[in-house]
Amino acid sequence: MSTVFNFTFVPWFRSVAPYIHMHRGKTFVVGIAGEAIAAGKLQHIAQDLALIQSMGVRIVLVHGFRPQVNEQLRAKGHAAKYSHGMRITDEVALDSAQEAAGQLRYEIEAAFSQGLPNTPMAGSKMRVLSGNFITARPVGILDGVDFKHSGLVRKVDSAAIHRTLEFGAMVLLSPFGFSPTGEAFNLTMEEVATSVAIALQADKLIFLTEIPGIRQQPLEPESEDNPIDTELPLAAAERLLASLPSAQQPTDTAFYLQHCVKACKAGVERSHIIPFAVDGSLLLEVYVHDGIGTMVVDEKLEELREATADDVGGILQLIEPFEKDGTLVKRDRTEIERDAANYSIIEHDGVIFACAALYPYPEAKTGEMAALTVSPQSQGQGDGEKILKRVEQRARAMGLDSIFVLTTRTMHWFLKRGFVQVDPEWLPEARKRKYNWDRRSMVFVKKLG
Ligand SMILES: CC(C)(COP(=O)(O)OP(=O)(O)OC[C@H]1O[C@@H](n2cnc3c(N)ncnc32)[C@H](O)[C@@H]1OP(=O)(O)O)[C@@H](O)C(=O)NCCC(=O)NCCS
C-alpha cells in the first residue's frame, strides 16, 4: 500500500471522527423528494443512509412521489390538478398515489437490501420497517375547492416510531395517512417529514431536494459571488420567509424553507436543505464541517449577541486568565471599552461565557478575529464554534472575503475549522505594522464561502 495513501487516509478518517461521535444515538428524519428517485439517485442515497445508520444514527426516511404520481396519472390519461399549491386528490389521483407509493416502497426496500461484495453495501444489514404511524385528516374545502382525498397530518404515533428505531430498524414512511374511519389520505412528503421530526423531537430534519440550498442573496441568480448560505439562524430564516412570495412549487425558495422554519420553531434544532444532484450530499452535510446545503439552526438569540459598553467588565473577567497565562495578548481596558461593539458574546443568566472580536481591514477585504475565548467550565460544548460562526456572519455582512487569527497555541482548533496557515507577510499592511515579531504568532486565514 502506498505511504501517500496512509498520509491522506488516516488524517482524513480522523477528521471525521468527531462528527461520528457527535451523531451517535441521534435521530435524523430524512425527506427525499420523489424527483431524486426519478433521477436515478436512489442507490447511492441508500448506500449513504446505510453508512450513516451503521454509525449509530437512528433514521426515519420519508419519500416523496410527485413525479411518480404524475406519471401514473399521465398513463391513465388523467390531468394532475392543483390548487393553493396542493394536489387535489380525486379517486383516480388516489389510485395513482397508492400505486406509485407501492412501487417506490419496493424499490427503496430493494435498495437497502443490497449487499454485493466490493460495494458500499457489503456487510450491511439494514432493516426497513413501515407502518400506519400517521393519522390524517382531510384538507376539506378551501375557498370552494374540494381537495377530496388530500389530507394533512393529524397525529404521529411517535411512541411506536421510537420503539421501531430502538429495535435497530430504519423507519420508512410514504406520504399517506389514515383517518380513524379507515380512509386513506394523500399527504405531502414535506409535511409528513416535518411533523414526524417535531413529534420525535429529532436532532435533524434533512430534505434531499432539487434545489442546492438557499443562496446568500436568495432572490438573486446563482453566481460565484452569491454562494449557498450554509448556515441560516432561525430568526434570519423567519425574516427571509416573511419577505418571500408563498411557495407554489418545490423549486420556489420558500418551499422547503417554510418546513425547516416550522420544525426549528417547534424544537428540532437543525433542519437542512441539500441537493440530491450532488453525489454523497448527505455525507458531506453530516460529516464535513461547513456542509454543502443550507442548515437552518435554532441558536438562542438572547444568548448570542453583540456586546455593548455594559459588557466590558464581563469580557475582561473572561479573558484575563488567558492573558495572564499568555494564551491571549493583553489588551487594555480602554481599548476594549472603545471597541466593545466589535465583540460578539454568549451570555447566559447575565454571565458572559464566550466572546470574540472582529477587527475589519476593509482595504484588504479581510478582518481579524481576536480574543476568542470560552470560559474553562463551558469549553468543549460547541460555544467556540458558535462564536466563530457569528464572527463569520458579521464579516460576510461587511463584505469581507476572509477572516484571520493570530495564535501561538490554538492552531489545531482553527485548522479543524477550515483555516489555513499563511506567512505573516500575508497580513494587511496596517496589521503587519503592529505584528509582534518576538511573539512569533502563527497566522491562519479562513476564506468565507
Ligand atoms: C479555543 C476555544 C475558544 C475553543 O472553545 P470551545 O467552546 O471549547 O470549542 P468547541 O466546543 O467549539 O470545540 C471543542 C473542540 O476543540 C478542541 N480544542 C479546545 N481547545 C483546543 C486547542 N487549544 N487546540 C486544539 N483543539 C482544541 C476540543 O478538544 C474539542 O475537540 P473535539 O470536538 O474533537 O472534542 C477555547 O478552548 C478557549 O477559550 N481556549 C482558550 C483561549 C484561546 O486559546 N483562544 C484562542 C486564541 S487565538
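The values are calculated or read from the model by the stated rules, or taken from the named source; none is laboratory data. What you see is a predicted model; the values in this text were computed from it and never measured. A quick note on method: Cβ atoms are made from the backbone with ideal geometry, for glycine too, and the neighbour counts reach across all protein chains shown. Remember, those area values only see protein heavy atoms, side chains included, never the ligands or the DNA or RNA. Shrake-Rupley method; radii C 1.70, N 1.55, O 1.52, S 1.80 Å.
General observations
- Some residue of the stretch 386-394 being farther than 25 Å from Pro227 by Cα and among the charged types (D, E, K, R): no
- Flag: Ser223 does not match the condition of being surrounded by fewer than 20 Cβ atoms within 10 Å (Cβ to Cβ) and in contact with a Phe, Trp or Tyr (Cβ under 7 Å, 6 or more places away or on another chain).
- In the stretch 8-45, residue nearest to the ligand (Cβ to nearest atom) [restricted to those that are open to solvent by 50 Å² or more (accessible area, probe 1.4 Å) and among the hydrophobic types (A, V, I, L, M, F, W, C)]: Met22
- Among the residues of the stretch 302-339, the ones that are acidic (Asp, Glu) and closer than 18 Å to Tyr359 by Cβ come to 7 in all.
- Residues located in the stretch 87-96, provided they are open to solvent by less than 50 Å² (accessible area, probe 1.4 Å) and either over 14 Å from Gln249 (Cα atoms) or among the hydrophobic types (A, V, I, L, M, F, W, C) (or both): Ile88, Thr89, Asp90, Val92, Ala93, Leu94, Ser96
Let's see how each residue does on (1) more than 30 Å from Val297 (Cβ to Cβ); (2) over 24 Å from the mean Cα position of the chain (by Cα); (3) open to solvent by less than 60 Å² (accessible area, probe 1.4 Å):
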{"site": "Asn132", "(1), (2), (3)": "yes, yes, no"}
{"site": "Ile141", "(1), (2), (3)": "yes, yes, no"}
{"site": "Asp146", "(1), (2), (3)": "yes, yes, no"}
{"site": "Gly151", "(1), (2), (3)": "yes, yes, yes"}
{"site": "Glu183", "(1), (2), (3)": "yes, yes, no"}
{"site": "Lys204", "(1), (2), (3)": "no, no, yes"}
{"site": "Ile211", "(1), (2), (3)": "no, no, yes"}
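- 2 or more residues within 15 Å of Ile211 (Cα to Cα): qualifying helices (runs of 4 or more DSSP H) within the stretch 256-338: 281-287
- Within the stretch 346-366, considering residues that are open to solvent by less than 10 Å² (accessible area, probe 1.4 Å) and not aliphatic (A, V, I, L, M), the one farthest from Val445 (Cα to Cα): Cys355
- Condition check for Arg105: within 15 Å of Val62 (Cα to Cα), open to solvent by 40 Å² or more (accessible area, probe 1.4 Å) and in contact (Cβ under 8 Å) with a residue 40 or more places away in the chain: yes
- Restricted to the stretch 329-345, and to residues there that are open to solvent by 10 Å² or more (accessible area, probe 1.4 Å) and within 16 Å of the ligand (Cβ to nearest atom), the residue that is nearest to Lys416 (Cα to Cα) is Val329.
- Counted residues, the stretch 167-181 - those being over 20 Å from Phe65 (Cα atoms) and either free of Cβ contacts under 8 Å to residues at least 24 places away in the same chain or open to solvent by less than 10 Å² (accessible area, probe 1.4 Å) (or both): 2
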